[in-house]
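Structure record follows, encoded as structure tokens.
The values are calculated or read from the model by the stated rules, or taken from the named source; none is laboratory data. Not measured: the values here are computed from a predicted model. Counting neighbours? That spans all protein chains shown, and the Cβs are built from the backbone with ideal geometry, glycine included. We work out accessible area using only protein heavy atoms, side chains counted, and drop any ligands, DNA or RNA first. Shrake-Rupley method; radii C 1.70, N 1.55, O 1.52, S 1.80 Å.
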Amino acid sequence: MKNSIIWLASYPKSGNTWVRAFLANYLAKTTAPMRINEIHRFAVGDAQTRMYNMIAGHKIDPGDIMLTLKLRNRVLRGIVANNADVNFVKSHNMRQIVFGNDMIPRHFTRSAVYIMRNPLDLTLSYARHFGMSNEAVVEAIGRRDNATAPDHLTVAQFLGNWSDHVKSWTVTLGYPVLVLRYEDLLSKPDDHFSKLLKFIGLEPDAERVERAIKFSSFKELRRQEDDAGFVEKPTDSAKFFAKGNSGQWKKDLDPVLAKKIRADHRRIMKKYNYLWN
């Protein structure tokens, strides 16, 4: 069985869906934008409840955390069982051991792409996505036990705090890791999406890159969500694709909360050029 998984990893609301949409449009050589509800065919999520049901052979209770953790290794084994050279797998899990279970097993892993976003902007998007206050999100992303609640669509995902999540995916892992900053993808999409393609072993075709960027633009993704909805949108969220800007925190985030985020995550923010002093 091959170690074929290329992880597309991120803290929630850091641009993972955007990257997956780009890859889907590029790999499919589309001449029209791929439907957002089809991108899962190119990058499966590691927390989809339906996959755990399939492995268990019946509907499970996603709230049974110990059961879903016990099933996780079999779910990942099922993904790589197709014997493909590459399987893209989306994950919001921190790279860690949870109750004795390795969340990101080395023996299934080929490489990883880590998508990072300024936590000041991430806070605003996270709050909208999960129906939380900005204050609650600032506290949550600073907690080592932060996790997403399970529901009928997804099992629990173990995030940890933002800084530890970044560190877990960007230290020396024994396999290649590409770090992509959300802000760089916004400012120079051709350069950084091409870097992504080279990392996964493809020689970028400039015309296809330009087309895939256009077809996965925030404007296009939002248009499709307005027209047909998006299956990954949580019940508590009005929209999955809300703004997608960089620097929105300067207008919409309370300075007191911004100060706390900087205090909680100063070292990692400085390392990745989100702080300059």
What number goes with the only condition from (1) surrounded by fewer than 21 Cβ atoms within 10 Å (Cβ to Cβ); (2) out of contact with any helix residue (DSSP H, G or I) (no Cβ under 9 Å at 6 or more places or on another chain); (3) part of a helix (DSSP H, G or I) that Asp145 does not pass? (3)
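Quick check, is Met1 open to solvent by 40 Å² or more (accessible area, probe 1.4 Å) and either modelled with pLDDT of 95 or more or among the polar types (S, T, N, Q) (or both)?
No: the conditions fail for Met1.
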Glu220, sole failed condition from (1) assigned to a loop (DSSP other than H, G, I, E, B); (2) modelled with pLDDT under 95; (3) open to solvent by less than 80 Å² (accessible area, probe 1.4 Å): (1)
Any residue in the stretch 37-51 that is out of contact with any helix residue (DSSP H, G or I) (no Cβ under 7 Å at 6 or more places or on another chain), over 29 Å from Met116 (Cα atoms) and open to solvent by 50 Å² or more (accessible area, probe 1.4 Å)? no
Which number in (1) modelled with pLDDT of 95 or more; (2) closer than 16 Å to His92 by Cβ; (3) outside any helix (DSSP H, G or I); (4) not aromatic (Phe, Trp, Tyr) marks the one condition that Ser168 misses? (3)
Applying the selection to the stretch 125-140, what residues are open to solvent by 10 Å² or more (accessible area, probe 1.4 Å) and of a type in the set (A, V, I, L, M, F, W, C)? Phe130, Met132, Ala136
How many residues are over 20 Å from the mean Cα position of the chain (by Cα) and surrounded by 14 or more Cβ atoms within 10 Å (Cβ to Cβ) if we restrict to the stretch 79-109? 1
Long-range neighbours under 7 Å by Cβ, at least six apart or interchain, first residue closer than 17 Å to Trp162 by Cα within the stretch 251-265, second of a type in the set (Asp, Glu) and assigned to a helix (DSSP H, G or I): Leu257/Glu135
Going by what's in this entry, would Asp151 be described as part of a helix (DSSP H, G or I) and out of contact with any strand residue (DSSP E or B) (no Cβ under 7 Å at 6 or more places or on another chain)? no
Does Asp184 satisfy being open to solvent by 10 Å² or more (accessible area, probe 1.4 Å), in contact with a His (Cβ under 8 Å, 6 or more places away or on another chain), in a helix (DSSP H, G or I) and at pLDDT 95 or above? yes
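Residues that are free of Cβ contacts under 8 Å to residues at least 24 places away in the same chain: list the helices (runs of 4 or more DSSP H) wholly contained in the stretch 1-103 that include at least 3 such residues. Reasoning before the result, please.
On the way: elements: 16-27, 49-56, 65-80.
The qualifying helices (runs of 4 or more DSSP H) are 49-56, 65-80.
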Inside the stretch 190-212, can you point out the residues that are part of a helix (DSSP H, G or I), aliphatic (A, V, I, L, M) and surrounded by fewer than 18 Cβ atoms within 10 Å (Cβ to Cβ)? Ala206
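Confirm whether Tyr52 is among the aromatic types (Phe, Trp, Tyr), closer than 21 Å to Arg181 by Cα and modelled with pLDDT of 95 or more. Spell out how you get there, then give the answer.
Numbers: among the aromatic types (Phe, Trp, Tyr): yes; closer than 21 Å to Arg181 by Cα: no; modelled with pLDDT of 95 or more: yes.
Considered against the rule, which asks whether it is among the aromatic types (Phe, Trp, Tyr), closer than 21 Å to Arg181 by Cα and modelled with pLDDT of 95 or more, Tyr52 comes out as no.
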For the stretch 261-277, give me the residue count where each residue is surrounded by 15 or more Cβ atoms within 10 Å (Cβ to Cβ) and part of a helix (DSSP H, G or I). 6
Matching residues, the stretch 23-44, being at pLDDT 95 or above and either of a type in the set (Phe, Trp, Tyr) or within 13 Å of the chain's Cα centre (by Cα) (or both): Tyr26
